[in-house]
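The values are calculated or read from the model by the stated rules, or taken from the named source; none is laboratory data. In this text, all values refer to a predicted model and were calculated from it rather than measured experimentally. Positions of Cβ are generated from backbone atoms using ideal geometry, with glycine treated the same way; all protein chains shown enter the neighbour counts.
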Amino acid sequence: MFQIIFNDRSAAELAHLPKLLQLQILNEFNFLPEDLENTDPEKFGTLKRKGRNLYRYRTKEYRIYFEKTEAGLLIHRVLHKNTLKDFLFRTKLPMAEDEVLQKMPEFWELIDGRR
């Protein structure tokens, strides 16, 4: 058995959304941790840095960033796609996806709540 654990930041981000949208997002987030090895690259991405694996799940207009832990899935951020575009613009990055983000210390600061 596993759990989906929201950290304080991701719980707050989800709580700011309308209840119906929260339920729709959570309903689409219906997979098991072992399913992450054989996923649809349109919905899932993997970002790696210093031995850390972070997963990105696309659902509706949102991006959910999470890690696998012994207890289950730890949700770090629930970001609207425009939030991410704004982040890329402010850090003067080309509009790209996971490959570029995983190399940016500023992105990891955003995930870890230091930004």
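Checking each residue in the range 1-14 for being over 17 Å from Glu28 (Cα atoms) and of a type in the set (Gly, Ala, Ser) picks out only Ala12. Going through the range 65-115 one residue at a time, which ones are among the polar types (S, T, N, Q), under 24 Å from Ile4 (Cβ atoms) and at pLDDT below 85? Thr83, Gln102, listed by residue number.
Suppose we keep only residues that are of a type in the set (Asp, Glu) and not in a loop (DSSP other than H, G, I, E, B) within the range 1-50. Which one would you say is modelled with the highest pLDDT?
Going through the range 1-50, the residues of a type in the set (Asp, Glu) turn out to be 8, 13, 28, 34-35, 37, 40, 42.
From the residues that got through so far, the ones that are not in a loop (DSSP other than H, G, I, E, B) too are 8, 13, 28, 34-35, 37.
On the way: Asp8: 94, Glu13: 91, Glu28: 78, Glu34: 65, Asp35: 66, Glu37: 68.
Looking at residues that are of a type in the set (Asp, Glu) and not in a loop (DSSP other than H, G, I, E, B), I get Asp8.
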